[in-house]
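What follows is a single structure, written as structure tokens, with notes after it.
The values are calculated or read from the model by the stated rules, or taken from the named source; none is laboratory data. Keep in mind it's a predicted model, so treat the numbers as computed, not measured. Don't worry about glycine lacking a Cβ; one is built from the backbone with ideal geometry, like all the others, and counts go over all protein chains shown.
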Amino acid sequence: MIKLIRTNYDNKDFVNLVKLLNAYLKVVDGDDHEFYDQYNNIDILKNIIVAYVDNKPVGCGAFKKHAENEVEIKRMFTLPETRGQGVASKILKGLEDWSKELNFEACILETGKRQIEAIQFYKKNGYMVIPNYGQYKDVTNSICFKKVL
């Protein structure tokens, strides 16, 4: 059974999962990692979900306000050994529900084009490709998505 908890950036389990995420992205993003990393400070995140299976932290995700009625999904990650078990979908749904509770109307996000599994995951969960936004506008390795809640 997957248990979700709402927390913030002080959560030690979240911090440890993000360290694993960063190590993974350093390999996947290669030379682009430093560019992306500058936009992934976790100390500004106040809306975080950590997923647990048998009291073990297995995944995380967060959002931050992007525009008046829009949040940006950040730091989505699940441990490799728990992928394909619905953990990420539950985290994403939890983030979307929390966003709606706070009266946001849409979620946006960015992922790298090399992250094929992530792209498939977001499409499967109802996210549509949009033009790259903000700091990703001219980044050819980025692909941006949006879902109206």
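Within the range 55-89, which residues are in a strand (DSSP E or B) and in contact with a Phe, Trp or Tyr (Cβ under 7 Å, 6 or more places away or on another chain)?
Pass one, the range 55-89, residues in a strand (DSSP E or B): 56-67, 70-78.
Once the filter is applied, which keeps residues that are in a strand (DSSP E or B) and in contact with a Phe, Trp or Tyr (Cβ under 7 Å, 6 or more places away or on another chain), the range 55-89 yields Val58, Gly59, Cys60, Glu70, Val71, Glu72, Ile73, Lys74.
Considering each of Gly126, Gly134, Gly61 in turn, give the residue that is at pLDDT 95 or above, among the small types (Gly, Ala, Ser) and out of contact with any helix residue (DSSP H, G or I) (no Cβ under 6 Å at 6 or more places or on another chain).
Gly126
Which one of Leu45, Leu25, Leu4 is crowded, with 18+ Cβ neighbours inside 10 Å, at pLDDT below 90 and either touching a Phe, Trp or Tyr at 6+ places or on another chain (Cβ under 6 Å) or assigned to a strand (DSSP E or B) (or both)? I'd like the intermediate steps shown before the answer.
Values: Leu25 fails: either touching a Phe, Trp or Tyr at 6+ places or on another chain (Cβ under 6 Å) or assigned to a strand (DSSP E or B) (or both); Leu4 fails: at pLDDT below 90.
Checking each option against the conditions leaves just Leu45.
Table: residues versus (1) over 17 Å from the mean Cα position of the chain (by Cα); (2) surrounded by 14 or more Cβ atoms within 10 Å (Cβ to Cβ); (3) not in a strand (DSSP E or B).
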{"residue": "Ile91", "(1), (2), (3)": "no, yes, yes"}
{"residue": "Trp98", "(1), (2), (3)": "no, yes, yes"}
{"residue": "Asn103", "(1), (2), (3)": "yes, no, yes"}
{"residue": "Thr111", "(1), (2), (3)": "no, yes, no"}
{"residue": "Ile119", "(1), (2), (3)": "no, yes, yes"}
{"residue": "Lys123", "(1), (2), (3)": "no, no, yes"}
{"residue": "Gln135", "(1), (2), (3)": "no, no, yes"}
{"residue": "Thr140", "(1), (2), (3)": "yes, no, yes"}
{"residue": "Cys144", "(1), (2), (3)": "no, yes, no"}
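Does Tyr133 count as free of Cβ contacts under 8 Å to residues at least 24 places away in the same chain and either among the hydroxyl-bearing types (Ser, Thr, Tyr) or in contact with a Lys or Arg (Cβ under 9 Å, 6 or more places away or on another chain) (or both)?
no
Please enumerate the residues belonging to the range 65-84 that are without any contact (Cβ under 8 Å) to a residue 40 or more places away in the chain, surrounded by 14 or more Cβ atoms within 10 Å (Cβ to Cβ) and farther than 16 Å from Tyr122 by Cβ.
The answer is Lys65, Thr82.
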